[in-house]
Amino acid sequence: MAPEIVGLDGCTEKVVDEARVEAAKAQLLPDEELEDLTQLFKLLGDPTRARLLYALLEAGELCVCDISAATGTPETNVSHALRLLRTAGIVKARRDGRMMFYSLDDSHVRMLLDVSREHLRHAGRGE
């Protein structure tokens, strides 16, 4: 019988460190929180929405037509993306007369975008 072929990411020996496994299990997210987290990453994982968020990250606050012009995205697409991002608490809106201005909801969103971009640069895939 031929020996089992183990890939680079597999275990060559099946030895389980029970203490480490239990420590890891104790830190796992509850299913509901995990679902919310994956939904957040799905929202951030869309190129159009990511482009809008980085425009807001750099500019601070923009209206739909400014976001559209800055990103080259049709206004209807911007409005739809902002509606999803606002519902998820990623962006917030401020009314000034008849105009709505959008910005990142809080410093956590800014930090998430900054850290993600820095990770890509560190991994050699960014600028």
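All of the numbers you see were taken from the coordinates with simple rules; none came from a lab. Quantities reported herein were computed from a predicted structural model and do not represent experimental measurements. Neighbour counts are summed over all protein chains in view; Cβ atoms, including those assigned to glycine, are modelled from backbone coordinates with ideal geometry.
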When segment 29-52 is examined, which residues are found to be hydroxyl-bearing (Ser, Thr, Tyr) and touching a helix residue (DSSP H, G or I) at 6+ places or on another chain (Cβ under 8 Å)?
Thr48
Among the residues of segment 68-93, write down those that are touching an Asp or Glu at 6+ places or on another chain (Cβ under 7 Å) and either over 14 Å from Leu44 (Cα atoms) or assigned to a helix (DSSP H, G or I) (or both).
Ser68, Lys92
Output yes when any residue across segment 101-111 is out of contact with any Gly (no Cβ under 8 Å at 6 or more places or on another chain), loosely packed, with under 15 Cβ neighbours inside 10 Å, within 25 Å of Leu37 (Cβ to Cβ) and of a type in the set (Asp, Glu), and no when none is.
yes
Restricting attention to segment 56-73, does a residue exist that is within 18 Å of Val115 (Cβ to Cβ) and surrounded by 14 or more Cβ atoms within 10 Å (Cβ to Cβ)?
yes
Can you say whether Leu28 is surrounded by 10 or more Cβ atoms within 10 Å (Cβ to Cβ), free of Cβ contacts under 8 Å to residues at least 60 places away in the same chain and either within 22 Å of the chain's Cα centre (by Cα) or not in a helix (DSSP H, G or I) (or both), as far as the supplied structure shows?
no
If you scan segment 94-127, which residues turn out to be part of a loop (DSSP other than H, G, I, E, B) and either in contact with a helix residue (DSSP H, G or I) (Cβ under 6 Å, 6 or more places away or on another chain) or within 16 Å of Tyr54 (Cα to Cα) (or both)?
Asp105, Asp106, Gly126, Glu127
